[in-house]
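S.K.: This is the structure I want to talk about, given as structure tokens.
The values are calculated or read from the model by the stated rules, or taken from the named source; none is laboratory data. Being a predicted model, the structure only gives us computed values, none of them experimental. Positions of Cβ are generated from backbone atoms using ideal geometry, with glycine treated the same way; all protein chains shown enter the neighbour counts.
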Amino acid sequence: MKKLIVGNWKMKGSLAANESLIQALRSGMPTAACNVALCVPSVYLSQCQALLAGSAIDLGAQDVSAHESGAFTGELSGAMLREFGVRYCIVGHSERRQYHAETDTLVALKAQRALASGMTPIVCVGETLDEREAGQTDEVVKRQLAAVIHANGHCISEIVVAYEPVWAIGTGKTASVEQAQQVHLVLRSQLRAASSQADRIHILYGGSMNAANAAQLLAQPDIDGGLVGGASLKAPDFLSIITSAP
Ligand code: 13P
């Protein structure tokens, strides 16, 4: 399966910075690259759609409403995102679970809404440092993924999963290759129990992935790509991660 490398810009960027970043990525993209996508802040979707036109890089959003339409001030529907060519949509990022009190049930509904709108949800799961130290890692990620499996039935083979240990996000601390592969295998086994197509579901690793550690992580049998925060904002670093995807 071709690897998938996704940049998550979070709440970073500007009209000028986006333009120079995307131009640098376009001119530096290797010809036989893996699949690549950029999840940009919503206000820049239109700009980035134009900047990415005709390139091999797909467009993504960072969230979607669980509702189809209606009186939900500040929210964006799947149909709206689709109008701007959005192919991927992150749901359940730990920053949204933490700062916006998103529950497993809400995340599962968002994944459902993304699928119904024709987008691929990138469902994030991951444990906090306290949970890891209490030996609860497997239990936490399985609970988070179970909600999404339960709500999405046979469509589960259409999602992307991202394992992002919360303690590794933006901290410079990467999960060791062994720690990451171990959790990825737990998630793969859970997906296998739910779908005969589980082996073609991308399970991405996220959390301080960078140019120096990407190759080793991406060489693991159950690590099918990366969800990259900080390093996706620097063209040489992001290109080097893309190039290291076997
Ligand atoms: P960093 O790569 O900056 O640690 O962020 C990871 C992340 O949260 C991607 O969604």
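S.K.: Given the conditions (1) assigned to a helix (DSSP H, G or I); (2) surrounded by fewer than 20 Cβ atoms within 10 Å (Cβ to Cβ), and given that Ala111 satisfies all but one, which numbered condition is not satisfied?
M.R.: Evaluating Ala111 over (1) assigned to a helix (DSSP H, G or I); (2) surrounded by fewer than 20 Cβ atoms within 10 Å (Cβ to Cβ) leaves (2) as the failure.
S.K.: Working only within segment 91-110, note down all residues that are farther than 13 Å from Val148 by Cβ and among the aliphatic types (A, V, I, L, M).
M.R.: Matches in segment 91-110: Ala101 only.
S.K.: Of the conditions (1) touching a Phe, Trp or Tyr at 6+ places or on another chain (Cβ under 9 Å); (2) without any contact (Cβ under 8 Å) to a residue 60 or more places away in the chain, Val125 fails just one. Which one is it?
M.R.: Evaluating Val125 over (1) touching a Phe, Trp or Tyr at 6+ places or on another chain (Cβ under 9 Å); (2) without any contact (Cβ under 8 Å) to a residue 60 or more places away in the chain leaves (2) as the failure.
S.K.: State which residue is farthest from Val183 (Cα to Cα) when the search covers only segment 216-234 and only residues that are touching a Lys or Arg at 6+ places or on another chain (Cβ under 9 Å) and hydrophobic (A, V, I, L, M, F, W, C).
M.R.: The selected residue is Leu233.
S.K.: On to the next question. Looking at Ala198, is it of a type outside the set (Asp, Glu) and surrounded by fewer than 19 Cβ atoms within 10 Å (Cβ to Cβ)?
M.R.: Spelling it out, Ala198 is indeed of a type outside the set (Asp, Glu) and surrounded by fewer than 19 Cβ atoms within 10 Å (Cβ to Cβ).
S.K.: Phe72: surrounded by fewer than 20 Cβ atoms within 10 Å (Cβ to Cβ), within 22 Å of Glu158 (Cβ to Cβ) and hydrophobic (A, V, I, L, M, F, W, C), yes or no?
M.R.: no
S.K.: Filter the helices (runs of 4 or more DSSP H) completely within segment 171-245 down to those with at least 2 residues that are within 14 Å of the ligand (Cβ to nearest atom).
M.R.: 214-218, 235-244
S.K.: Looking at Ala134, Ala79 in this structure, which one is under 20 Å from Ala180 (Cα atoms), modelled with pLDDT of 95 or more and among the aliphatic types (A, V, I, L, M)?
M.R.: Ala134
S.K.: Under 19 Å from Ala235 (Cα atoms), modelled with pLDDT of 95 or more and of a type in the set (Ser, Thr, Tyr), is that true of Ser42?
M.R.: no
S.K.: Can you find a residue in segment 156-175 that is free of Cβ contacts under 8 Å to residues at least 24 places away in the same chain, more than 27 Å from Ala17 (Cβ to Cβ) and polar (S, T, N, Q)?
M.R.: Looking through segment 156-175, none of the residues is free of Cβ contacts under 8 Å to residues at least 24 places away in the same chain, more than 27 Å from Ala17 (Cβ to Cβ) and polar (S, T, N, Q).
S.K.: Do we have any residue at all in segment 127-137 that's within 14 Å of the chain's Cα centre (by Cα) and either surrounded by fewer than 22 Cβ atoms within 10 Å (Cβ to Cβ) or not small (Gly, Ala, Ser) (or both)?
M.R.: no
S.K.: Please enumerate the residues belonging to segment 152-174 that are of a type in the set (A, V, I, L, M) and either within 23 Å of Met1 (Cα to Cα) or at pLDDT 95 or above (or both).
M.R.: Result: Ile156, Ile159, Val160, Val161, Ala162, Val166.
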